[in-house]
1. Any idea which residue in region 259-292 is nearest to Arg349 (Cα to Cα), counting only those that are among the charged types (D, E, K, R) and surrounded by fewer than 17 Cβ atoms within 10 Å (Cβ to Cβ)?
2. Anything in region 136-157 that is part of a loop (DSSP other than H, G, I, E, B) and in contact with a strand residue (DSSP E or B) (Cβ under 7 Å, 6 or more places away or on another chain)? List them, or say none.
3. For region 35-123, please list each of the helices (runs of 4 or more DSSP H) lying entirely inside it that holds at least 1 residues being under 17 Å from Leu412 (Cα atoms).
4. For region 359-390, which residues satisfy the criterion of being touching a residue at least 40 places away in the same chain (Cβ under 8 Å), over 23 Å from Gly298 (Cα atoms) and outside any helix (DSSP H, G or I)?
5. Can you tell me which of Gln13, Gln22 is within 21 Å of Ile391 (Cα to Cα), among the polar types (S, T, N, Q) and loosely packed, with under 12 Cβ neighbours inside 10 Å?
6. Going through region 364-381 one residue at a time, which ones are surrounded by 23 or more Cβ atoms within 10 Å (Cβ to Cβ) and within 22 Å of Gly320 (Cα to Cα)?
7. Would you check if there is a residue in region 409-417 being farther than 30 Å from Thr90 by Cβ, touching a residue at least 60 places away in the same chain (Cβ under 8 Å) and buried (at least 20 other Cβ atoms within 10 Å of the Cβ)?
8. Take Ala44 and decide whether it is touching a Ser or Thr at 6+ places or on another chain (Cβ under 9 Å), modelled with pLDDT of 75 or more and open to solvent by less than 50 Å² (accessible area, probe 1.4 Å).
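The values are calculated or read from the model by the stated rules, or taken from the named source; none is laboratory data. The structure displayed is predicted, hence computed values, not measured ones. No Cβ is skipped: glycine too gets one built from the backbone with ideal geometry, and neighbour counts run over all protein chains shown. For accessibility, only protein heavy atoms count, side chains too; no ligands or nucleic acids. Shrake-Rupley method; radii C 1.70, N 1.55, O 1.52, S 1.80 Å.
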Amino acid sequence: RSSLGLIGASLAQLEEEQTPLQQTAGRLVAMLGGLALGFCGLIAIAYGAIHRDWSAGVLSGITVAIALIPEEFPMVLAVFMALGAWRLATHRVLVRRSAVIEALGGATVLCVDKTGTLTENHMRVARLWSDQEDCRVDALPPAPGPARDILDYAALASALRPVDPMDRAIRALTGERNSVLQPHAVLERAWPLRPEMMAIIQVWRSDGEDRIAAAKGAPEAIFKLCRLPDAQVDQLSATMRKLADEGLRVLGVAACRIGGAFPDPPESVAFDFLGLIGFLDPLRADAPAAIQEARAAGLKVIMITGDHPATAHAIAKQAGIDVAADVTLGAELARLSPKDVQQRLQNTRVFARIAPEQKLMIVEALKANDEVVAMTGDGVNDAPALESAHIGIAMGKRGSDVARESADLILLDDSFASIVGGVRLGRRIFINL
């Protein structure tokens, strides 16, 4: 009944499908087996009728049937698959299930993450925005003021030993010093990201009874946490879209200070909105050329991200992904019927604010449209989608163990260009087979 248990149950319900090569080989072997049995019966009857020796006739028929069985098939397939796996490994693609090599050559849709696959996943703080100050950040933190307050409180809502690229980017600017806290303040409690509140909240206690709570997360969640009026939300949303149109990943930052113990849930306290923080994650240099090559080869490239739709649109446009049908949000997808999802996927190439479990919905809809689907993922929640896709592709550097175990291929460099190179090799191996 835990979240991890539900993911395990979802994985257990998914049946591993045969690849087109396995289906073709199965049909061919069945046909040749039927042919061998037919000849076996024909020769046994003919020999017995001519020589009046039915025992010798049966033996002759069995001998011919054995001679007709193509015992070279397993060896040929094994050798070609082994050579194919070796070739893919030279392109930084590790094969976990050799049968998928042929499916890779027949892929018609590539579903990819934005962060780390199309972009470098090297975040840096590029913008700090508040009502009083709009600060562009270079290598040094801003001077004391509203922009610096946004940065300091964002640091209070970040992990002490950061793993997340955004937390690392914030800590790289602020260092160990924080002008908001007293020297001996300690982290008292933290609330991680939750489906109903896409924000991280951490409470710090100083020497006295005061508690300082800092929150950072999706701007919509921060607006809700601060209980902002609709008019102010509309103004902030316009500003947020401008930042996102520059390709920045935008988070909201809020804080509050109370005396005594901090209540649970944290949403029961009204936070003060501080501002927006924009992170720059540059597009990989090889991504546009790889996407152009994929589209020229007849592959549809679909970008799936949890980011703001404007950020997703800007990055997709830079990368060369088709944005003519605009961006579909996860909330819109959840309201559609399976048939409507199939219809939407015929034209839409960019999906934003997608929850990991919605990736499985996208994979199933694409399969229902008779597409051969390659899906990338790195999180534990991505495992069902990776297992369901014809070709599950996990990230080798930043992928979770569960994602790698569920995947068929592992990208050792987390690069989209490696996927396209793998499809190119897969097609060559398929032709050879």
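1. Residues of region 259-292 that are among the charged types (D, E, K, R), as a first pass: 264, 267, 272, 281, 284, 286.
With the extra rule that they be surrounded by fewer than 17 Cβ atoms within 10 Å (Cβ to Cβ), the set shrinks to 264, 272, 286.
On the way: Asp264: 40, Asp272: 37, Asp286: 20 Å.
The selected residue is Asp286.
2. Here is the first cut: in region 136-157, the ones part of a loop (DSSP other than H, G, I, E, B) are 137-145, 157.
Passing the criteria: Val137, Pro142, Ala157.
3. 72-90, 100-105
4. Asp378
5. On the way: Gln22 fails: loosely packed, with under 12 Cβ neighbours inside 10 Å.
Going through Gln13, Gln22 in turn, the sole match is Gln13.
6. In the first step, residues of region 364-381 are kept if they are surrounded by 23 or more Cβ atoms within 10 Å (Cβ to Cβ); the result is 366, 373-378.
Selection gives Leu366, Val373, Ala374, Met375, Thr376, Gly377.
7. Quick first cut of region 409-417, residues farther than 30 Å from Thr90 by Cβ only: none.
No, region 409-417 contains no residue that is farther than 30 Å from Thr90 by Cβ, touching a residue at least 60 places away in the same chain (Cβ under 8 Å) and buried (at least 20 other Cβ atoms within 10 Å of the Cβ).
8. Working: touching a Ser or Thr at 6+ places or on another chain (Cβ under 9 Å): yes; modelled with pLDDT of 75 or more: yes; open to solvent by less than 50 Å² (accessible area, probe 1.4 Å): yes.
In short, yes.
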